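**Q** Before anything else, here's the structure in question.
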Amino acid sequence: MTDTNDQKKPWGDDFDEAKAWTLVQNLRGAKTTLQADLATARQALTEAETKATAGETEKDRADKAERALWTERALRKHPTVSEDFVDFLSGDTEEEILAKAERLSKVGQPKAPAEAPKPDADAKPDGEPKPDADAKPELPGKPKPDLTLTPGHGGDVAEPFDPAAIAAKARS
């Protein structure tokens, strides 16, 4: 164990109380000054960050407005694009958005125009096929399908069914 008297004092042998008090007062003043400078610097940093964020927000708003303009132009140029497909009009440039709008406008349309069917040699000028010589004329009273009806639902029969008329026509 060492004796506390053997250790050297940190302020040395000649301690001046007035000098120490002045040093403490100067350090306290420097601390107050530095704290004020720090508060000013922090406030300036906060303001700079706020301005930078506001600048980014302005830039984001401008980018969104520009994209909205490009989308509107694409929709006006290609009016066949459905409102359901507007979400798919994305891109970094106006050309990309226009290209996507053009592709989307072709959705649901035939790829190439279909050729008109060639006239049949046996067809009449009005487009109906010529009746065969041995073909029987349509039987009277034969029910014809009503294409306006919905499958699975009832409906009134368009023509009454007359089995006697059908039998008489078949015998003749």
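**Q** Taking the beta-carbon count within 10 Å as an exposure proxy, list His153, His78 from fewest neighbours to most.
**A** By the 10 Å Cβ count, ascending: His153, His78.
**Q** Thr80 to Glu138: FRET efficiency via 1/(1 + (r/R0)^6), r the Cβ-Cβ distance, R0 45 Å, to the nearest 0.05?
**A** The computed FRET efficiency comes out at 0.55.
**Q** Given the options Thr80, Gln35, Ala99, identify the residue whose Cα lies farthest towards the positive end of the charge dipole of the stretch 17-105 (+1 on Cβ of Lys, Arg; -1 on Cβ of Asp, Glu).
**A** Gln35
**Q** Using a basic spin-label model with each label point 7 Å from the Cα along Cα→Cβ, how many nm lie between Lys64 and Asp16?
**A** If labels sit at Lys64 and Asp16, their model points lie 6.8 nm apart.
**Q** What ranking of Glu66, Glu94 emerges when the number of other C-beta atoms within 10 Å of each C-beta is taken as an exposure proxy, fewest first?
**A** In increasing order of surrounding Cβ atoms, one gets Glu66, Glu94.
**Q** Still on this model: Report the relative contact order of the stretch 17-105, percent, no decimals, based on alpha-carbon pairs under 8 angstrom and at least 6 residues apart. Numbers along the way, then the final one.
**A** Working: 32 pairs, mean separation 19.6, N = 89.
Relative contact order comes out at 22 percent.
**Q** Here's something else I'd like to know. Using a 10 Å cut-off around each Cβ, can you sort Val81, Val24 from fewest to most neighbouring Cβ atoms? Could you put the intermediate results ahead of the total?
**A** Working: Val81 22, Val24 10.
Taking fewest neighbouring Cβ atoms as first place, the list is Val24, Val81.
**Q** Give the calculated FRET efficiency between Ala48 and Lys8 to the nearest 0.05, with a Förster radius of 35 Å applied to their Cβ-Cβ distance.
**A** Working: r = 50 Å, r/R0 = 1.42.
Once rounded, the FRET efficiency stands at 0.10.
**Q** Give me the three principal axis extents of the stretch 17-105 from the C-alpha atoms, as integers in angstrom, largest value leading.
**A** Projected onto its principal axes, the Cα set of the stretch 17-105 covers 93, 20, 14 Å.
Just so you know, all these numbers are worked out from the coordinates, no wet-lab data involved. Keep in mind that this is a model prediction, so the values were computed, not measured. Counting neighbours? That spans all protein chains shown, and the Cβs are built from the backbone with ideal geometry, glycine included.
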